[in-house]
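One structure below.
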Amino acid sequence: MDFSLVLVIAVAVAGVVWLIDLVALRSARKARVAKAEASVEGELDAGTREKLARDPWPVDYAKSFFPVLLLVLVVRSFAFEPFQIPSGSMLPTLKIGDFILVNKYDYGLRLPVVDTKVLEVGEPERGDVMVFRFPEDPSTNFIKRVVGLPGDTIRYEGKQLYVNGEAIDKTLNARNSSEQSGEDLLDETLGKHVHQIYNNPQDPGPQMREIRVPEGMYFVMGDNRDHSNDSRYWGFVPEENIVGKAVAVWMHWKEGFPDFSSVRLIH
């Protein structure tokens with residue numbers, strides 16, 4: 001289900017009903033009250049007046065929900081949108097069950113549903129954690145780390161990442177991580193971002209010769225390097241598929257009760 005489309009339709013329907021009431025139905029109700037008052041001697045009793053002047057239920061619902069729906073649409077489309085992490089491809093940075101906030105503003109304002117950019121604000125930077133619509137199935141949202149920008153050259157050999165011919169610095173943090181058995185935990189510096197990744201020393205993984213990132217495209221990888229379906233396998237992310245920048249974890253809920261103790265910024 002396309003929630004953005006449903007939300008836009010709900011806002012439009014509520015807004016149209018409210019507008020019709022403002023320009024036509026409200027005056028008709030006032031006319032009924034005036035006619036009833038003229039047909040009786042003295043004042044019209046309060047109960048009858050309230051019944052004649054009462055908003056029809058569609059109008060009542062529209063007036064109640066329209067402001068709330070419009071606020072949700074604006075915030076969700078142009079400021080922040082919540083997502084849930086469904087897979088382990090971004091371990092150890094993001095865990096299965098993390099609920100994250102995605103900044104929709106940093107990469108430019110886009111119209112909901114059609115996703116047309118209407119205001120240039122900024123572009124993804126190397127090292128950002130980015131949410132995007134999967135190029136092979138745009139109905140599915142993916143989250144990965146931006147590795148290559150338009151014009152960059154990328155190579156991945158022997159578990160070493162090269163950007164523009166330079167090896168990306170990484171240092172061993174722990175062998176056979178306690179959280180991910182059989183995986184080495186490493187600190188990697190990508191652009192101005194220092195983050196952690198997993199590598200499996202027993203798995204040779206994919207080997208990728210040097211490629212150039214086309215204009216308007218981005219090369220992305222998961223931090224769980226040997227367990228991530230990313231650009232090494234299916235190619236580049238078009239600029240128009242970008243949803244936003246993941247900036248914070250606001251809740252973790254995999255089972256049991258929601259856990260708010262893991263609230264943190266995403267690096």
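Below, the figures for the structure above:
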{"quantity": "Residue check, Phe219 crowded, with 19+ Cβ neighbours inside 10 Å and aromatic (Phe, Trp, Tyr)", "calculated": "yes"}
{"quantity": "Tally, over the stretch 173-220, of residues that are hydrophobic (A, V, I, L, M, F, W, C), out of contact with any Gly (no Cβ under 9 Å at 6 or more places or on another chain) and within 17 Å of Gly88 (Cα to Cα)", "calculated": "2"}
{"quantity": "Qualifying residue in the stretch 106-117 (condition: loosely packed, with under 11 Cβ neighbours inside 10 Å and in contact with a helix residue (DSSP H, G or I) (Cβ under 9 Å, 6 or more places away or on another chain))", "calculated": "yes"}
{"quantity": "Strands (runs of 3 or more DSSP E) fully within the stretch 33-140 counting 3 or more residues that are closer than 30 Å to Glu255 by Cβ", "calculated": "80-84, 98-103, 129-133"}
{"quantity": "Conditions (1) over 30 Å from Ile242 (Cα atoms); (2) surrounded by fewer than 14 Cβ atoms within 10 Å (Cβ to Cβ): number failed by Pro67", "calculated": "(1)"}
{"quantity": "Residues of the stretch 153-167 satisfying the condition of being part of a loop (DSSP other than H, G, I, E, B), in contact with a strand residue (DSSP E or B) (Cβ under 8 Å, 6 or more places away or on another chain) and surrounded by fewer than 17 Cβ atoms within 10 Å (Cβ to Cβ)", "calculated": "Asn164, Gly165"}
{"quantity": "Filtered residues of the stretch 224-255 (kept if under 20 Å from Lys95 (Cα atoms), out of contact with any Gly (no Cβ under 7 Å at 6 or more places or on another chain) and surrounded by fewer than 19 Cβ atoms within 10 Å (Cβ to Cβ))", "calculated": "Asn229, Val247, Ala248, Trp250, Met251, Glu255"}
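Just so you know, all these numbers are worked out from the coordinates, no wet-lab data involved. Note that this is a predicted model, so its numbers are computed, not measured. Cβ sites come from the backbone with ideal geometry, for glycine too, and all protein chains shown count toward neighbours.
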